[in-house]
Amino acid sequence: MPEDTPPHRLHTRLSHAGRAGTHVHGFVNPAVHRGSTVLYPSMAARRGAGAHRFEQHLIYGVMGTPTHWPLENVIAEVEGGTHCQIVSSGLAAVTTPLLAYLKAGDHLLMPDSVYGPTRSFCDGMLKRYGVDTTYYDPCITAAALVPLFRPNTTVLFTESPGSHTFEVQDIPALAEVAHARGAKVLMDNTWGIHFFQPFTKGVDCSIQALTKYVVGHSDVLLGGITVNTEADWECVRTAALALGQFASPDDCWLALRGVRTMAVRLERQMASGIAVASWLRGRPEVAEILHPALPGARGHELWKRDFSGASSLFGVVFQPRYSQAGVWEFAEALELFGIGASWGGFESLALPTNGFISRTAGSGDFGGQMLRLHVGLEAVEDLTADLERAMGVLGG
């Protein structure tokens, strides 16, 4: 692209990134490259291959293939970073950089609202390996975060919005505090996808569960770890290789196919999610909607400042008079919303969250039974009709 040409918009970039180009003879999509062993024409070439372990260079299957690299390039571009490491799952995208940046004797700051398996990893494996974790209120101010730092605090982990309860964190302010004390800032940016550009807000390492919107079809598990400096890339890449982190080329190919339509799906699902959330907000059974893109909702001002859009995942808080059993019956009465974990696919999901989330820093009490909704590609009118029918089991 000529230097004076303005950058293409997301829809265009996702259609063209990671491809050979429009004037290259051959199939539109890259081929699937499966393989472990790479042959070299000479010992000198084999010996020289070792110098390329941080580059996109054929060395051995686990080091990456021409199927992995286009996907890594696309995700790095979506996140505004320089390098991306594809790993086997969203959880692996969390655990790999934590292991990369932490060592025995270190202290980790983790938001109380974090994804459940991340908490389990901190309380289990990291604790056994001598890493101490402190959970903090995700809505904490920068000033209140300062006393939580210790001389051995090396990582501030963030997740914005938070899992299930959608707290929006003031990432730039928190990152400034962390960097002033020599700590790295990691962020689970799965909800923000490309709507939140992490490296313009002080994040050092951005984590994505590519299983969600990138794949888009609820049939592949993948994760992405994106960084923006060579030093961070060497740290993450070294850990990924040491852990044997690898994703199937077939899964990468499917994710690359999914990313081509991601912008269109996100646009539709964002609009549908806001429409369904707005409809629910007017229901007498509902006490609160946890969707930061809604005016007046918790975190809306930070969302408006830092995000360019929203995903289709949000929370519903029912009036206090409704019981857990009633909300479970409500979820079971839905026909178009499946009861299941994950999100970001083409299908709508409903998941009651009371009793399934852990909090230890005093956050997460919203005064009523809660439900997490993911809005898919179905017609909004059909989804709201389904929700209205299910309201009948709650008793009005």
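Here, each number is a calculation from the coordinates, and none is a lab measurement. Bear in mind that the values here come from a model prediction, so they are computed numbers and not experimental data. No Cβ is skipped: glycine too gets one built from the backbone with ideal geometry, and neighbour counts run over all protein chains shown.
Dipole of region 293-396, Cα-centred, from +1 at each Lys and Arg C-beta and -1 at each Asp and Glu C-beta, to the nearest 20 debye?
540 debye
For the charge dipole of region 10-259, defined by +1 on Lys and Arg C-beta atoms and -1 on Asp and Glu C-beta atoms about the Cα centroid, which residue among TYR101, MET125, HIS33 has the Cα displaced farthest towards the positive pole?
My answer, from the dipole projection, is HIS33.
Want the number for VAL28 to SER358: 0.36 nm per residue separation, take away the alpha-carbon distance, what's left?
114.2 nm
Mind jotting down a quarter of the surface of the convex hull over the alpha carbons of region 155-235, in square nanometres, one decimal?
Result: a mean projected hull area of 5.8 nm².
Please report how far the C-alpha centroid of region 362-396 lies from that of region 1-56, rounded to the nearest whole angstrom.
A separation of 44 Å, based on Cα centres.
Tell me, what does the Kirkwood hydrodynamic radius of region 262-394 come to in angstroms if you use every pair of distinct C-alpha atoms?
Details: mean 1/r = 0.0662 Å⁻¹.
Every distinct Cα pair counted, the radius reaches 15.1 Å.
Given LEU58, GLY244, PRO284, which one lies farthest toward the positive end of the charge dipole of the chain, if we put +1 on the Cβ of every Lys and Arg and -1 on the Cβ of every Asp and Glu?
Positive-end residue among those listed: LEU58.
What is the calculated FRET efficiency for GLU347 to ASP123, with r their C-beta to C-beta distance and R₀ = 30 Å, to the nearest 0.05? Present the calculation step by step, with values, prior to reporting the outcome.
On the way: r = 32 Å, r/R0 = 1.06.
In this case the efficiency is close to 0.40.
Could you work out the mean projected area of the convex hull around the alpha carbons of region 1-56, in square nanometres to one decimal?
Numbers: hull surface 27.4 nm².
Result: a mean projected hull area of 6.8 nm².
Would you please give the residues with an amide H less than 5 Å from that of THR158, counting only those at least 5 places away or on a separate chain, with H modeled from the backbone geometry?
Placed amide hydrogens put LEU186, MET187, ASP188 under 5 Å from THR158.
Roughly speaking, what is the centre-to-centre gap between region 124-176 and region 237-278 when only Cα atoms are used, to the nearest Å?
25 Å
Counting Lys and Arg as +1 and Asp and Glu as -1, each charge on the Cβ, what is the dipole of region 10-259 about the Cα centre in debye, to the nearest 20?
680 debye
Using R₀ = 45 Å, calculate the FRET efficiency as 1/(1 + (r/R₀)^6) where r is the Cβ-Cβ separation of THR82 and GLN324; round to 0.05.
Values: r = 46 Å, r/R0 = 1.03.
The formula returns an efficiency of 0.45 here.
Could you tally the net charge around ASP132, taking each other residue with its Cβ under 9 Å from the Cβ of ASP132, Lys/Arg +1 and Asp/Glu -1?
Neighbourhood net charge equals +1.
Take the Cα pairs of region 303-361, get the Kirkwood Rh, then feed it into Stokes-Einstein at 25 °C and 0.890 mPa s and tell me D in µm²/s. Spell out each step's value before the answer.
Values: Rh = 13.8 Å.
Result for D is 178 µm²/s.
Which of the three applies to region 10-259, rounded, prolate or oblate, going by the alpha-carbon gyration tensor with a ≥ b ≥ c and a/c under 1.5 meaning rounded?
Since a/c reaches 1.5 and a/b is larger than b/c, the shape of region 10-259 is classed as prolate.
As I understand it, the dipole of the chain uses +1 on the Cβ of Lys and Arg and -1 on the Cβ of Asp and Glu, about the Cα centre. Which of HIS68, VAL380, PRO172 lies farthest toward its positive end?
HIS68
How many lysine pairs in the chain, separated by 8 or more positions in sequence or lying on different chains, have Cα atoms less than 27 Å apart?
Lysine pair count for the chain: 10.
For CYS205, CYS84, what's the fewest-to-most ordering of other Cβ within 10 Å of each Cβ? Each step should come with its number before you reach the end.
Details: CYS205 30, CYS84 27.
In order of increasing Cβ crowding within 10 Å: CYS84, CYS205.
For the residues ILE86, ILE339, what sequence is obtained by ranking on other C-beta atoms within 10 Å, fewest first?
The order, fewest Cβ neighbours first, is ILE339, ILE86.
How tilted is helix 262-281 with respect to the longest principal axis of the chain? Cα atoms for both, answer in degrees (0 to 90, nearest 10).
Tilt of helix 262-281: around 20 degrees.
Could you bin all the Cα-Cα distances of region 177-305 into 5 Å bins starting at 0 and give me the percent of pairs in each, rounded to whole numbers?
Once binned at 5 Å, the Cα pair distances of region 177-305 give 2, 9, 14, 16, 18, 16, 11, 9, 4, 2, 0.
How much FRET efficiency would the formula 1/(1 + (r/R0)^6) give for GLU230 and GLU378, where r is the Cβ-Cβ distance and R0 is 45 Å, rounded to 0.05?
0.50
Roughly speaking, what is the centre-to-centre gap between region 323-340 and region 59-118 when only Cα atoms are used, to the nearest Å?
Each part's Cα centre sits 34 Å from the other's.
Among residues other than ALA350 whose Cβ falls under 10 Å from its Cβ, what is the net charge (Lys/Arg +1, Asp/Glu -1)?
After counting each charged neighbour, the total is -1.
Of the DSSP beta bridges with both residues in the chain, give the percent that are antiparallel, rounding to the nearest 5. Mind showing how you got there, number by number?
Working: 22 of 40 bridges.
The answer is about 55 percent antiparallel.
In which sequence would LEU243, LEU383 go, from the one with the fewest C-beta neighbours within 10 Å to the one with the most?
Ranked by crowding around the Cβ, least crowded first: LEU243, LEU383.
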